[in-house]
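Report on the structure given below.
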Amino acid sequence: MFAFSHSRHAILKNIDVMNEKMEIVQSMIDYNSFDKQTLIEILQSFGNELPIVRLVLSAYQKIIRTRCNNNADFFYTESELSYPPKEFARTDRASLEGKPMFYASIFTSSVESNNAYPRIISALETVDLIKDKATSGSCLITQSVWTVDNPIKLFSFPMHNGYARACNEIVFLQEAWENVLVNQFPKESVEFFSYIGRLMAAPKRNCLYNVTSTCVDYVLSRNTDCGGILYPSVPSSGEGINICVNPSIVDSHVSLEGAIIEWLVKNKSESSIYNIARSNKISNNEFEWLVTEDGKKILLRLNLIPKHLCENEIAIRRCISE
């Protein structure tokens with residue numbers, strides 16, 4: 001059924017049948033030799049009843065999304081804060097190159113009760129500076145809060161139970177899977193898709209993202225009622241939860257509530273975020289930025305505004321050349 005290279009057969013020579021499919025995928029990652037056709041054939045071998053967890057993101061749920069302000073440029077439209085254009089969509093943990101998806105983080109109960117604010121969790125997913133505990137520096141980021149207007153159907157791979165700070169929502173999904181759902185599917189498919197769930201929790205290396213994003217795309221293509229995937233935050237060790245949603249669902253089920261430009265300052269393992277400006281809607285899709293008092297001080301330090309402007313309210317709009 002599968003087309004394997006001679007070298008891959010040699011690697012798998014002494015592996016039992018139950019584990020063979022997982023070992024094939026693992027060898028792709030270990031040797032950085034992604035083979036999409038082979039992976040698709042493996043996924044097809046499990047038929048239509050895939051062992052996934054189905055869930056619903058409720059209406060009125062708040063979600064947060066982070067974008068880096070590269071070169072200190074500001075964003076002025078809702079579309080700039082949403083999913084990327086097709087030409088800029090890259091292969092990531094849950095999305096393929098050329099197929100835009102909307103990544104965001106959920107406001108979990110653990111995040112709020114432990115004072116690990118959602119904006120820190122979201123920044124951990126996006127900003128390279130904050131991911132490396134050994135580095136120091138600063139950068140501008142924009143964080144937008146969105147509201148779910150209509151319930152969104154999502155799926156999750158079986159939840160890995162190795163998260164050091166698993167939030168209550170993840171623990172609930174783990175228990176639901178282990179106590180109820182796991183017995184509804186064949187053992188071989190449960191074992192393989194649990195392995196994919198572990199890969200969703202693994203740090204990026206080699207072609208891992210090619211594997212996970214292909215699996216996500218495959219599941220969504222065969223479960224058209226699902227709008228996206230839910231998975232735990234890897235950088236926060238499960239304290240936060242991420243979603244990756246199809247653009248069509250975002251356009252019809254989600255609306256922008258507001259956004260903040262922030263100055264992220266990092267001193268090795270310690271990070272602080274300061275509000276620079278808040279969005280103020282001026283048309284259906286466009287907004288201006290109203291600068292905060294702390295923002296005035298920081299923008300002065302960055303030489304982005306002259307000192308005399310700090311005495312009045314500052315509203316920053318996109319410059320339109322004639």
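The values are calculated or read from the model by the stated rules, or taken from the named source; none is laboratory data. Remember, it's a predicted structure, so these values are computed and weren't measured experimentally. Here the Cβ positions follow ideal geometry from the backbone for every residue, glycine too, while neighbour counts run over all protein chains shown.
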> In this structure, does ASN284 turn out to be without any contact (Cβ under 8 Å) to a residue 24 or more places away in the chain, farther than 23 Å from LEU50 by Cβ and not assigned by TED's automatic domain parsing to the domain that holds ASP73?
Replying inline: yes
> So which of ASP132, ASP149 ends up being within 25 Å of GLU262 (Cβ to Cβ) and surrounded by fewer than 19 Cβ atoms within 10 Å (Cβ to Cβ)?
Replying inline: ASP132
> Of the residues ASN179, ASN183, ASN150, ASN210, which is over 19 Å from SER236 (Cα atoms), of a type outside the set (Gly, Ala, Ser) and touching a Phe, Trp or Tyr at 6+ places or on another chain (Cβ under 9 Å)?
Replying inline: ASN210
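Evaluate segment 173-181: report whether one residue or more is over 30 Å from GLY258 (Cβ atoms), among the β-branched types (Val, Ile, Thr) and modelled with pLDDT under 85.
Within segment 173-181, the first condition is being over 30 Å from GLY258 (Cβ atoms), and the residues that meet it are 174-181.
Next, only the ones that are among the β-branched types (Val, Ile, Thr) stay: 180.
Adding the requirement that they be modelled with pLDDT under 85 leaves 180.
Checked against the condition, which is being over 30 Å from GLY258 (Cβ atoms), among the β-branched types (Val, Ile, Thr) and modelled with pLDDT under 85, segment 173-181 yields at least one hit.
Results for (1) of a type in the set (Lys, Arg); (2) buried (at least 17 other Cβ atoms within 10 Å of the Cβ); (3) at pLDDT 90 or above, shown as yes or no for each residue.
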position: SER7; (1), (2), (3): no, no, no
position: MET18; (1), (2), (3): no, no, no
position: PHE34; (1), (2), (3): no, yes, yes
position: THR38; (1), (2), (3): no, yes, yes
position: SER45; (1), (2), (3): no, no, yes
position: LYS62; (1), (2), (3): yes, no, yes
position: PRO85; (1), (2), (3): no, no, yes
